[in-house]
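Sharing a structure with you now.
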Amino acid sequence: MARYLFQRIGSSAVTIAIMAILVFFASRVLPGDPALVRAGSNATPELIAQVRTQFGLDLPLHQQFLQYLYGLIQGDFGTSIRTGKSVTTELMHRLPATLELSLVGFLIASLIGISMGIIAATNPNRWPDTLVRALTAVGGSIPSFWLALLAIFFLVYNLGVFPSPIGRLPLGMSPPPRVTGFYTLDGLLAGEVSVTLAALGQLALPALILGVLGSISVTRITRASTIEALASGHARAARGFNLKSPSIFLQEGLRNALPTVITAMGLVAGYLIAGNIIIEKIFSWPGIGQYLATAISQSDLDVVQGFVIIVGIGYVTINLIVDLLYSVADPRIELGGSKS
Amino acid sequence: MIHSRIARAAALGLVGLVALAGCQAEVPGEEAGQEVEVSRTFVIGAGEVEGLDPILTKSYTALQATANLYAGLVEEEFEPVEGGYLATTGKHINGVIESTETSEDGRTLTYRLVDGLTFADGTPLTSEDVVYSMKRTLSEASYVAGSSSIFMHISDAESQIVAIDESTIEVTLDAQSPALNKFLAQSTFSVVSADAGMANPGKDGSATDYFTNNATPSGPFALEDWAGAESMTLVKNSNYVHAEDVFAEKITILNMPDLDQRYLAVKNGDIDVALQLTPRLVQEAASDEALRVLTMPSGFFYFLGMNPKVAPFDNDVVRQAIAKAIPYEQLMEEVMLGQASPAYGIVPNNMETSIAPDDKTTQYETNTAAAKKLLEDAGLEGLAVELSVSSSDQISVDSAVYIQSALAEIGVTVNISKMAEVDFITSSYSQKLPFLIGNWVSSVQDPFFQMRAVLLTDRATNQTGFSNAKFDELVLTGIDEGDDAERERLSALAQQIVIDEAAFVNLFAMDTSVVTRADVSGIALRSDQLFQLRYLTRE
């Protein structure tokens, strides 16, 4: 186990290093001059040149790359050419907002996805299955921004079920003292239950939208893999021994379907970390997605690089967790070895 | 059985989530037991306050914050105008100073500070702070140093700005500066704390890192809270020199990047003021009785640029024909939905020395037949050109479609090139786009500042490639001219050259529109298009 973990962490580090190199060179071929954007519309050529020097943009590419690598090794993603602030600090400040939203969205996606997948799988070709398939087909064709706009219009402004999409806390409420950056947790740690409840309230609608959208693939994969497992020889044999349906479902259906479902959940988790840009914008959610959106339009290269690396680390970590969970879900799977 | 339990649990979970959301939706601010004077507390929906350094900040919302956190030597004077808002009178009043003495030659100015001034935190505000702040603005670290030095005639800030004693500052100019007060009233000349700056010089020695992340307010508001990318809360600064004129007690600037949500929030009463809405949303707000729409003329204009050094725009006839074919009225009515005014040349109608005969005349009259004839007479038929716009600027994109259609009527085929914002900016400021729709607003409302910035030969911000020696001479002379009548004459001649050349065609001046709740009043628009928030009140 320890050896496997060591190997995986090593290969993950190599993956991230390759990604860091690729993102550096990819961002350099993007059109636009960051120095001009930074210097502003009143800039003189001298000021633009000064900005280039200040941010190292006048250096040969290989020197810029070495500086970039040197910074990365020290955990320094550079300086935002747009704001003059440290990218590492800004990303770390905003990351909890994205993670908190993603985590709750992920829980909702898992809850809905697995429940609906199981309902459909245990009622194949009957009306619950037909309904689930219809819902996933419709859900899969709705863009996230459209669902968000509809939800806000009806659930916030018409029915008043959810609070207004004005960020992580209602107006007039101050954030709790920062420990984890998750307002729900920090509220509890500070003994401010009202802040936790308020934060959960603000989280509810964007997380629900992310959860609903994320649940589509989990539902489909849970349904398909459970149906396949229930049709296997083991399940048929169990039925031959007159075992009860719930027992067959748990032992032969869900258990055998679980590795595939975990894979689907891993993909959804990755999507939720990186794919929140539109939802964060619509809900005024101050996460890394919103930070990236502004950075791209302003050619803020260090921010783009930092975002990609942070999200890459997230993906690699999720993949590692998924691999570890395989062996928990099915003890026949040996980590780093062959199937027994 | 099992799946019905799971389904029930899932349903309960969702219901619980909705219940939580509903529970807290009605109690903002009450938990802390704070008593807030609601009538003087305002929430403004805008963008993100990315930094607070007055000499570096460029984003609209951050400029908005710095303009209200800091005081200057002088300030703009406001007066109520028709339309229900406050506009600048064009005059300046004292800020942190109580008097100014000007030498006979107009080159030496002695400013005396108001006695007993302090920053918001109670530390004394002295001449050292003013000198430090002015030198900082004119230093290499500042993005306005170049143009400020030229217009203010301060070539060496170190020796020309000195503190005589604790409350007296002497500024010696290289020559008389007609635009001096216009510059001093800008937020870039905010008075920051010298002690704080010198204690935190940072890598560049100019304390840019410190002032980007911290504020030492001297203006109408102090900084109560800055919740990163979420919001910023300002509270009335009772130490401000004109504290008696600050009506708003507390203002929260909320980052709402999605404009539709910003509009829905003001419509729903979640926020009191929504800034920077699109013309469509402003038009929609106008039909809502719970909202008030303020539409204010501004110096923010859109223009069509034709590079006279690049074919086919190197031909005067082509440029003049295109200028005559533009559907100016249609652009103002259908793209801007009426929220724009005619712009007569390089100096918009509402700026001093504009040669516009009235508020309704455009510099070129739309005349498709005449435009077509011009091209036919010159044997210039079947032209095909590429019109570049920034894809992130919907007004430019929409305008391009109308222009494409109008030019098709005179036989010019237009291919619209939508470019990424940063690519467009880079290419246009490098004069690589022969035919483009750009926009401009001068931070200093001065005709010579505007003409120099937009059209002076080889100026970094000259996007059209316009170049005319006589125009350059007139503008550079006008910068230093102290006599109002002569300034007007020089400006008029320069403006006429631009109209005759037809390389720079002003499409319209966009109105600055604000949507507020119906009971909110006291919106004051500065000449740099920022809002002075201290007069905000409720009726």
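If R0 is 30 Å, what FRET efficiency do you get for residue B:140 and residue A:28 from their C-beta distance, rounded to 0.05?
Numbers: r = 27 Å, r/R0 = 0.88.
The formula returns an efficiency of 0.70 here.
A further question follows. Using only helices, what value at 222 nm comes out for the protein assembly as shown when you add -39,500 (n - 2.57) per DSSP H run of length 4 or more and divide by the total residues, to the nearest 500 deg cm²/dmol? Show your work: numbers first, answer last.
Details: 32 runs with 409 residues, N = 879.
Taking each H run of at least 4 residues, the total per residue is -14500 deg cm²/dmol.
Further question: Suppose all protein chains stay in the model; what accessible area per residue would a 1.4 Å probe give for the protein assembly as shown, in Å²?
On the way: 36050 Å² over 879 residues.
On a per-residue basis, the protein assembly as shown sits at 41 Å².
Taking only Cα atoms and a 10 Å spring cutoff, compute GNM fluctuations for chain A and point out the largest among A:93, A:62, A:234.
A:62
Could you order the peptides B:181-187, B:532-538 from most to least packed, using the average number of other C-beta atoms within 10 Å per residue? Write down the numbers at each step before the final one.
On the way: B:181-187: 23.1, B:532-538: 20.9.
Packing proxy ranking, top to bottom: B:181-187, B:532-538.
Can you bin every Cα-Cα distance in segment A:87-337 into 10 Å intervals starting at zero and give me the percent of pairs per bin, rounded to whole numbers?
Here the calculated profile for segment A:87-337 is 7, 26, 30, 23, 11, 3, 0.
Under 27 Å from the Cα of residue B:418, which lysines turn up, not counting those fewer than eight places away in the same chain?
A:281, B:58, B:309, B:324, B:372, B:432
Taking every DSSP beta bridge with both residues inside the protein assembly as shown, roughly what % is antiparallel (nearest 5)? Present the calculation step by step, with values, prior to reporting the outcome.
Values: 61 of 79 bridges.
Bridges in the protein assembly as shown that DSSP calls antiparallel: roughly 75 percent.
For peptide B:47-56, what's the mean number of Cβ atoms from other chains within 10 Å of each residue's Cβ? Kindly include the intermediate steps, with their values, before the conclusion.
Working: counts 1, 6, 1, 7, 5, 0, 2, 0, 0, 4.
Partner Cβ neighbours, averaged per residue: 3.
While we're here: Report the A-B buried area as the accessible area lost on both sides summed, probe 1.4 Å, in Å² to the nearest 100. Could the numbers behind the result be given before it?
Details: alone 17850 and 23380 Å², together 36050 Å².
Looking at A and B, the buried total is near 5200 Å².
Okay, moving on. Work out how much length residue B:316 to residue B:458 would gain on full extension: take 0.36 nm times their residue separation and subtract the Cα-Cα distance, in nm to one decimal.
Details: separation 142, 0.36 × 142 = 51.12 nm, distance 2.02 nm.
Taking residue B:316 through residue B:458 to full extension adds about 49.1 nm, to one decimal.
Around residue A:54, what is the net charge, scoring Lys/Arg as +1 and Asp/Glu as -1 over all other residues with Cβ under 15 Å from its Cβ? Provide the component values of the computation, followed by the final result.
Values: positive: A:38, A:52, A:82, A:85, B:203; negative: A:33, A:46, A:58, A:300, A:302, B:53, B:140, B:204, B:209.
It works out to a net charge of -4.
Can I ask one more? Suppose a student asked you for the relative contact order of segment A:87-337, using Cα pairs under 8 Å spaced at least 6 residues apart; what percent would you report?
Numbers: 327 pairs, mean separation 69.9, N = 251.
Result for segment A:87-337 is 28 percent.
Right, next: Going by a 1.4 Å probe on protein heavy atoms, which residues of segment A:196-217 end up with at least 10 Å² less accessible surface in the whole assembly than in their chain alone?
A:197, A:198, A:200, A:201, A:204, A:208
Carbon and sulfur atoms: what percent of the 1.4 Å accessible area of segment A:2-73 do they account for? Could you put the intermediate results ahead of the total?
Details: 2890 of 4100 Å².
The nonpolar share, carbon plus sulfur, comes to 71 percent.
Highest GNM mean-square fluctuation, chain A, Cα pairs closer than 10 Å: which of A:19, A:265, A:173?
Highest fluctuation of the listed residues: A:173.
If you line up the Cα atoms of the protein assembly as shown on their principal axes, what length do they span on each, largest first, in Å?
Here the Cα extents, ordered largest to smallest, are 110, 74, 60 Å.
Please identify the DSSP H helices in chain B that span no less than 30 Å along the helix axis (Cα) and have a mean Kyte-Doolittle hydropathy of -1.0 or more.
On the way: long enough: B:2-24 (33 Å, 1.23).
Helices meeting the span and hydropathy rule in chain B are B:2-24.
Once the other residues with Cβ under 10 Å from the Cβ of residue B:123 are scored (Lys, Arg +1; Asp, Glu -1), what is the net sum?
Values: positive: none; negative: B:121, B:129, B:195.
Net of charged neighbours comes to -3.
Here's a follow-up. Using a Gaussian network for chain A with springs between C-alpha atoms less than 10 Å apart, which of these wobbles most: A:48, A:273, A:288?
Its mean-square fluctuation being the largest, the pick is A:48.
Another question, if that's okay. Quick check: the distance between the Cα centres of segment B:464-539 and segment B:224-301, to the nearest angstrom?
24
Excluding residues on the same chain fewer than 8 positions from residue B:267, give the aspartates and glutamates whose Cα lies under 16 Å from its Cα.
Cα-Cα hits under 16 Å: B:258, B:284, B:288, B:289, B:519.
Go through B:386-399, A:134-147 and give me the packing order, highest mean Cβ count within 10 Å leading. Present the calculation step by step, with values, prior to reporting the outcome.
Details: B:386-399: 19.6, A:134-147: 13.7.
With the highest mean Cβ count within 10 Å placed first, the list reads B:386-399, A:134-147.
Dividing the convex hull volume of the Cα atoms of chain B by its residue count, what figure in Å³ per residue is obtained? Numbers along the way, then the final one.
Working: hull volume 103.9 nm³, N = 539.
With only Cα atoms used, chain B gives 193 Å³ per residue.
For segment A:178-313, what D do you get in µm² per second when you plug the Kirkwood radius from alpha-carbon pairs into Stokes-Einstein at 4 °C and 1.567 mPa s? If you can, show how the numbers build up before the last one.
Working: Rh = 18.2 Å.
Estimated diffusion coefficient is 71 µm²/s.
While we're looking at this one, here's another question. Counting only other residues whose beta carbon sits under 15 Å from that of residue B:109, what net charge do I get with K and R as +1, D and E as -1? Intermediate values should be presented prior to the final figure.
On the way: positive: B:107, B:112, B:182; negative: B:98, B:101, B:104, B:105, B:170, B:174.
Here the count lands on -3.
Would you mind checking which residues have amide H under 5 Å from residue B:95's amide H? H placed 1.01 Å from N; only 5 or more apart, or other chain.
Residues meeting the criterion, in which the H sits 1.01 Å from N, are B:74, B:75.
Which helices count as membrane-span-like in chain A under these terms: full DSSP H, at least 30 Å along the axis by C-alpha, Kyte-Doolittle mean of -0.5 or more? It would help to have the intermediate numbers written out before the result.
On the way: long enough: A:2-28 (39 Å, 1.17); A:87-121 (47 Å, 1.41); A:193-230 (46 Å, 1.35); A:301-329 (41 Å, 1.81).
Once both thresholds are applied, what remains is A:2-28, A:87-121, A:193-230, A:301-329.
Using only the alpha-carbon atoms, what does segment A:2-73 span along each of its principal axes? Please give whole angstrom values in decreasing order.
If we take the Cα atoms of segment A:2-73, the spans are 58, 20, 17 Å.
Need one value for A:169-177: mean number of C-beta atoms belonging to other chains within 10 Å of its residues' C-beta atoms. Write down the numbers at each step before the final one.
Values: counts 5, 9, 11, 13, 7, 7, 5, 0, 0.
Mean partner-chain Cβ count within 10 Å for A:169-177: 6.
Still on this structure: If the cut-off is a Cα-Cα distance under 13 Å, which aspartates and glutamates reach residue B:373, setting aside same-chain residues fewer than 8 apart in sequence?
The qualifying aspartates and glutamates are B:381, B:409.
Moving on. Summarise the partner chain shielding of B:422-431 as one whole number: the mean count of Cβ atoms from other chains within 10 Å of each residue's Cβ. Present the calculation step by step, with values, prior to reporting the outcome.
On the way: counts 12, 5, 2, 7, 8, 4, 1, 7, 2, 0.
Mean shielding by partner chains, rounded to a whole number: 5.
Apply 1/(1 + (r/R0)^6) to the Cβ-Cβ distance of residue B:172 and residue B:200, taking R0 = 30 Å, and write down the FRET efficiency to the nearest 0.05.
On the way: r = 29 Å, r/R0 = 0.98.
Efficiency, from the Cβ-Cβ distance: 0.55.
The values are calculated or read from the model by the stated rules, or taken from the named source; none is laboratory data. Predicted model only: the values in this text are computed from it and were never measured. Cβ: placed from backbone, ideal geometry, glycine included. Neighbour counts: every protein chain shown. Heavy atoms of the whole protein, side chains included, go into the accessibility calculation; ligands, DNA and RNA do not. Shrake-Rupley method; radii C 1.70, N 1.55, O 1.52, S 1.80 Å.
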